[in-house]
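Colleague: Quick one: this structure, given as structure tokens, is what I'll be asking you about.
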Amino acid sequence: MYRIFILILTLTTVLTADEARLIIQKVDNNIRGKNIYMKISMKIVSLRHTRSMQMENWSQGSKKSFVKIVYPPKDRGITFLSLDNQMWQYVPKIERTIKIPPSMMLQNWMGSNITNDDMVKQSSIVEDYTPRIVKREGKLVTMELIPKEEAAVVWAKVVSLIDISTYTSQKDIFYDEEGEAVRVFLYDKVKKFGEYYLPTYWRVEPMDKDNSFTEIILEDVKYDISISDQYFRKSALKRFSR
Amino acid sequence: MFKLIVKMAWKNSFLRLSRTLLVIIMIAVSMSMMLGIQGLYDGMADTMIDKNRRSGSGDVSIFAKGYRVNKDLQYRIKNADELSAEIKKIEGVKELVLRVKAEGLLSTARKSSFASMQGIDLRAEESFGDFSEFLKEGEINLEGQGALIGLELAKRLKVTIGSKLVFSTQDSSGEINSIALRIRAIMQTTNIVLDTNAIFIDAKKMHRFLGTDSSEATQIAIMTADKKTNDLLKANFSDLDVKSFLQLQPMMKQMQDVMIIFNSITFFIVMTVVFIGILGVMYVSVLDRIREFGIAMGIGMQYRYIRIQICLEALFVGFIGYLGGALLGALFLLYLRDYGLDLSAFSDALEMWGYASTIKGTIKISYFTTTFAAIISASLFSVFIPLRKIKRLNPIEVIKAEK
Amino acid sequence: MFRFALKNILFYRGRSITTFALTFISTILFIVYVSMMDGSHKSMLENALKVYTGAIEIYHKDYRDIGGNEYLIEDVKAITNKLSTIKGIQAYTTRYETYGLLSSKEHSAASMLAGIEPEKEKDLSSIARALREGEFLDEDSGNCLYMGKGLVEKLKLKLGAEVSFIGSASDDSFAAEIFKLCGVFKTGSSEFDSSVSFVNRTYFDKVMYTDNKASYINIKLDDLDNVDQVNEKIINILNDESLESLTWKTLMKTMVEAMEVDSIFGYISLALFLVVIFFVIMIYGFINVSSRIKEFGVLRCIGLCRADVFSLLFYEIVILSSLAVALATPIAAYICYYYSINPIVIEGMSEMYKDYGIVSDEIPFDFNLLTISWNLGVIYLLNILSVIYPYFYINSFRPIEATRHV
């Protein structure tokens, strides 16, 4: 869970090559090793149905993460724990803790449009891509990011539209090897948290499915709060499920 | 005397030219077709078995205990390089190759599929099983991000030469790790498991990616000279999982057996009918000359010389037919061996079952030797009945008789 | 001419008998071999179909390509009501398939879980018969799970053990349930057995919110040969652009091609036999004719024209082949018929070839009058062709020469 946010954060702050790298590294360094609490709303819309979820997330560094679903009531109390590279899930309805095998972790996450690629990536965007400015229009800069040859990313190209007044991205388009757009990330409602700007509304749309998208709204973000170690133990799954 | 008989037999064989020619043509055409079919079927079976051995397990494969069931990296042979050195010293071991394999997810921007990534040493694989022969498209090059992909897997992911892929799996420390790959070549091993699931990269790269040591391997594949060596290997390395090719792929042996049965039945039926053909002609030709034989015997010619003459006649026809058949058959077989039967209209099905879409035949000496024996026997047996007729002849009656 | 031909046949017994025998044998061989080939293909197909795929399956468009909950069939009852009006459909059933994680105490594995209608499945597929331990499902099975042997071994389960399931429901929300292992099956296909489990639909629908929905509808026909006509009827009655009705020919395209390849090889071998037999018949005909050169010479001298000579030869061969065929066909047909009802059983064949999808030890023959007819046609044609060369040979002699022939 945590890693998606790293990806998106770093994406939003890409500028020119050197400037970009400096800033991203700062952001990277700052976020790593910190404790973060977030309350998130997610809406998944597909051809047939719409599904809304709300969850709370506690993270410590990049290896420990605890997620609790709080809405809808049917799913309330489902918890996930990600510790180093293992993942567990607790489902109150059947009162069972289940270990998720790595192969499952590589699949589409909870039916949303976020893929395995996002979950699994370990290197940051600065290391994997070579950025290039394509166009400047007032405070909007269009950047083209080409992945490096050894970078373990499936995209052939990412095009970002960046607002340099807040250093956040408004739109990211991901392209495949044939030059076709596969999905689009849209960002809006930028707010300031501490020293950084963060869009609090995200939308992921796949280009090959009509009327299908995932929306994420950050309702609450707190940095540097103290998070008890209790959250990152297996016992947390059941205990904090209530 | 003998020379005379030979000469007479020769001349008599060609007395009725059309008739003799017909028989010769019949033998030649039937034989060559049969040879062609045998070569094709044997070729199919042999090719498949051979390719399976060369791309897969070799004659014998060694795994760590538990690997074949769990396919997990923790079940790997830790001191594979030491073992290899030991094994190479055993007499009867011809070639050896180490492989490191990991199961994981292979993804493009649009599609993902479970796959098996194998780290191989190109040079070792080349001398082990002529690996470069499996190349279907592209160029074998494992430098940089280079990877070689199995044909069916490429179809499933809809990738081609130059496509970029990402492979993710758990490495030896349990972490999920990903690696970028560029397809440099598409391979067709006709080993179904490999063609539908495998992607090959350089062994050193694989070790670095998985965090394993280059002295480790998940499989040691060995080519041996004979069965004795296989048993020796099993005895010496009993703490590991040592399996022979037939144990890993019992289907192959059954396929071979079925082919043998099928070819034998075809052979038998064809030879029987050929026999009937020769019989008819010899019978009639003897009957035509019954007066001659009667007179010859009447003036003192011994029966056994006549018998020799008629046998020779049959042998001449059979032998010339055989030569024609052998020539035509050899041409057929050579064509099938070098160009093969083109069934590319059915390539989807063939590839799914592990066959190449062009089927090549083999040539075996046994084709020619067994057919030779069969035709000669058919020729000799065919004169049995006519000879009996002659034997019972009463010369006087014959001279008087009308045809 | 006809009576003349008849007399000749009776007179030249040697040739007549041999030609008769050869035609007789080749007819039986041809008919029986083709029937066996067709029969074994049909049975391979039926067996493959019986395991899980249907003769016809109805899907929502794009389900097969993309899959997922977006392309489920909604309002299945409306469709099945229409299906029950179509003749030719023997049985149908609806299935809901989903992928999820099954976990035992210590192990987890990804699996396909299929909600089925147990009573209908018994008629339609062979999964009920593949039972090895425990029991198959029924209407009241509740949370009973019917699992493949490979999967049971992966999860190290015993009968009666609890298995938890997590996955996504048909609206993509979380789904979780505890099941109990009630039965174990083994179809022989190791891939199938290690990745599939079945559960009663009535129960599963509540967990997955799939009441009156389905991934697809599986249809069994009275007669496999009518598959295309019945499919046409289905498409017409459904009259819905968003649905597709597919026959096994599309669903199992590679199997169809594999059977075609097998047929080609079969026909190549048959061709070999027929060529050899053709030659021998021709040789006997030729010998017979060449021994009658004087006779033909005389006939030509007394006024018989070339056309008549040809008719004579023609009648001779036709009479002989007709006799042979008339005798051989009933025998061959009976053999085909008998073995189509009581197939040949080769013990252990299914064990050997199970990886290629062969699950039965039987080789049934195919009894089909159309096939037999064209087989006969070929035999007749070959026989008639065999007199062409002898005919030309005869005509190369001038009548006077012929009468002097030795």
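Computed from the coordinates by the stated procedures, all read-outs in this text should not be read as laboratory data. Just so it is clear, the model here is predicted, and its values are computed rather than measured. Note: ideal-geometry Cβ built from the backbone for every residue, glycine included; neighbour counts use all protein chains shown.
Colleague: Which of rounded, prolate or oblate describes region B:191-240 when judged by the alpha-carbon gyration tensor and an a/c cut-off of 1.5?
Modeller: oblate
Colleague: Let me ask something else. Expressed as a rounded percentage, what relative contact order does region B:65-239 have, with Cα pairs under 8 Å and six or more residues apart?
Modeller: Reported as a whole number, the value is 33 percent.
Colleague: Considering chain B as a Gaussian network with a 10 Å cut-off on Cα pairs, which listed residue, B:MET26, B:MET301, B:MET282, attains the greatest mean-square fluctuation?
Modeller: Looking only at B:MET26, B:MET301, B:MET282, the biggest GNM fluctuation is shown by B:MET301.
Colleague: Related question: Can you list residues from other chains, or at least 5 along the same chain, whose modelled amide H is less than 5 Å from the amide H of B:GLY146?
Modeller: Distant-sequence amide H within range of B:GLY146: B:ARG182.
Colleague: Now a separate question. As an exercise, find the ratio Rg/Rh for region B:65-239 from alpha-carbon atoms, using the Kirkwood inverse-distance average for Rh.
Modeller: That ratio equals 0.98.
Colleague: Two-decimal Rg/Rh of region C:189-330 from alpha-carbon positions, Kirkwood Rh?
Modeller: Radius of gyration relative to Kirkwood radius: 1.35.
Colleague: Continuing with the same structure: What net charge is computed for the residues neighbouring B:PHE245, neighbours being all others with C-beta under 10 Å from the C-beta of B:PHE245, Lys and Arg scored +1, Asp and Glu -1?
Modeller: Computed value for this residue: +2.
Colleague: What list of whole percents do you get for P(r) of the protein assembly as shown, with Cα-Cα distances grouped in 20 Å bins up to the one holding the largest distance?
Modeller: 10, 31, 29, 17, 9, 3, 0
Colleague: Starting from one equal scatterer on each C-alpha and no solvent at all, send me the Debye-based log10 I(q)/I(0) for chain B at q = 0.09, 0.12 Å⁻¹, two decimals.
Modeller: The computed values of log10 I(q)/I(0) come out as -0.68, -0.94.
Colleague: Let me check against my output: what whole-number percent is the relative contact order of chain B, with C-alpha pairs under 8 Å and at least 6 apart?
Modeller: 28
Colleague: In addition: With a cut-off of 8 Å between alpha carbons and a minimum separation of six or more residues, what is the relative contact order of chain C in percent?
Modeller: Once normalised by length, the contact order is 27 percent.
Colleague: Let me ask something else about it. Which pairs, out of B:LYS101/C:LYS186; A:LYS68/A:LYS148; B:LYS94/B:LYS360; B:LYS136/B:LYS364; C:LYS105/C:LYS253; B:LYS243/C:LYS158, put more than 32 Å between their alpha-carbon atoms?
Modeller: Correct reply: A:LYS68/A:LYS148; C:LYS105/C:LYS253.
Colleague: Here's a follow-up. List the Cys residues of the protein assembly as shown that have no partner Cys with a C-beta closer than 4.7 Å.
Modeller: B:CYS311, C:CYS301, C:CYS305, C:CYS336 - these cysteines have no disulfide-compatible partner (Cβ-Cβ under 4.7 Å) in the protein assembly as shown.
Colleague: Write down the radius of gyration of chain C and its Dmax, each obtained from C-alpha positions, in Å.
Modeller: Radius of gyration, then largest Cα-Cα span, for chain C: 31.3, 103 Å.
Colleague: Counting only the backbone N, which residues of region C:9-37 are under 13 Å from the spot 7 Å out from the Cα of C:GLU295 toward its beta-carbon?
Modeller: Inside the label zone: C:9-17.
Colleague: Gaussian network model of chain B, Cα springs within a sub-10 Å range: biggest mean-square fluctuation belongs to which of B:ARG182, B:ARG392, B:ARG337?
Modeller: The residue that fluctuates most here is B:ARG392.
Colleague: Taking the dipole about the Cα centre of region B:131-280, with the C-beta of Lys and Arg at +1 and of Asp and Glu at -1, give me whichever of B:ILE149, B:SER172, B:LEU232 is farthest to the positive side.
Modeller: Of the listed residues, the answer is B:ILE149.
Colleague: Report, in debye and to the nearest 20, how large the dipole of region B:1-69 comes out about its Cα centre when Lys and Arg carry +1 and Asp and Glu carry -1 on their Cβ.
Modeller: Approximately 340 debye in magnitude.
Colleague: I want to verify a result. In a Gaussian network model of chain B, Cα cutoff 10 Å, which of these has the top mean-square fluctuation: B:ILE201, B:ILE376, B:ILE306?
Modeller: B:ILE306
Colleague: Sticking with this structure for a sec: What does the charge dipole of region B:167-275 about its Cα centre add up to, to the nearest 20 debye, if the Cβ of each Lys and Arg holds +1 and the Cβ of each Asp and Glu holds -1?
Modeller: Dipole about the Cα centre, nearest 20: 320 debye.
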